[in-house]
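For reference, the structure discussed in these notes is given below.
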Amino acid sequence: MSVFVQVRAKVTVDIPVWRMGGLKDATKLILLNKLLTYDDTLEGVILGIKNTNPESPYSKFYADTPAIHQTIEGDFLVFRPKPGCILPAKVTFVSSSSLTLTVLGYFTGNVETAELKRDWTFSKNNWKKGSDEFAEGDEVQVEVVRASPSVNGLDLTVKVLSKLATAVPENTEE
């Protein structure tokens, strides 16, 4: 199952009245500000936007809200992780009571310590399971348990599956 979805959708942007003289530029700026944020309509974090057009040449203006409301149709690349999907992550903080990761280089991943302690043991700034161990800075493979909208787009609750094997650099000397 892919966590990246291409969606053709409609979103509403609220343009400040003082931007009335440049609706196209204002709309573009507002859409750019939606990048890397969670959108309820799209059910995920917006990673990319293209082929945008106003649904109608006419905008709506309501007396009770001082903004110009424009519905925009476009193609959106959305990050939608579901429970059970497997993703790479980098360990950013390790202690005996906490573990924090950066998933896909951007999203915060948290591990429920009680869950971690079922399979792993902590010793000397490392978490270990059999011969597998990881510490701060290591790349690991995680399974998404829960995804929650946040200021950073999404906070992911994950379960650590294993340390990722590090690639051995090839010898290019001849």
Condition broken by F61, with the remaining ones in (1) under 20 Å from the mean Cα position of the chain (by Cα); (2) surrounded by 11 or more Cβ atoms within 10 Å (Cβ to Cβ) satisfied = (1)
query = Considering only strands (runs of 3 or more DSSP E) fully contained in segment 125-169, which possess at least 1 residues that are in contact with a Pro (Cβ under 9 Å, 6 or more places away or on another chain), at pLDDT 85 or above and farther than 11 Å from G109 by Cβ?
reply = 139-150
ask   = Taking segment 28-58, which residues are surrounded by 14 or more Cβ atoms within 10 Å (Cβ to Cβ), in contact with a Gly (Cβ under 8 Å, 6 or more places away or on another chain) and closer than 12 Å to G74 by Cβ?
value = L31, I49, T52
query = List pairs: first in segment 9-35 and free of Cβ contacts under 8 Å to residues at least 24 places away in the same chain, second of a type outside the set (G, A, S), Cβ under 6 Å, 6+ apart or cross-chain?
reply = A26/I15; A26/R19; I30/V13; K34/I46; L35/I46
remark   = From the option list F122, F76, F93, single residue qualifying as farther than 29 Å from K34 by Cα and either in contact with a Gly (Cβ under 8 Å, 6 or more places away or on another chain) or touching a residue at least 12 places away in the same chain (Cβ under 8 Å) (or both) is F122
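The values are calculated or read from the model by the stated rules, or taken from the named source; none is laboratory data. Remember, it's a predicted structure, so these values are computed and weren't measured experimentally. All Cβ positions, even for glycine, are placed from backbone atoms using ideal geometry, and neighbour counts span all protein chains on display.
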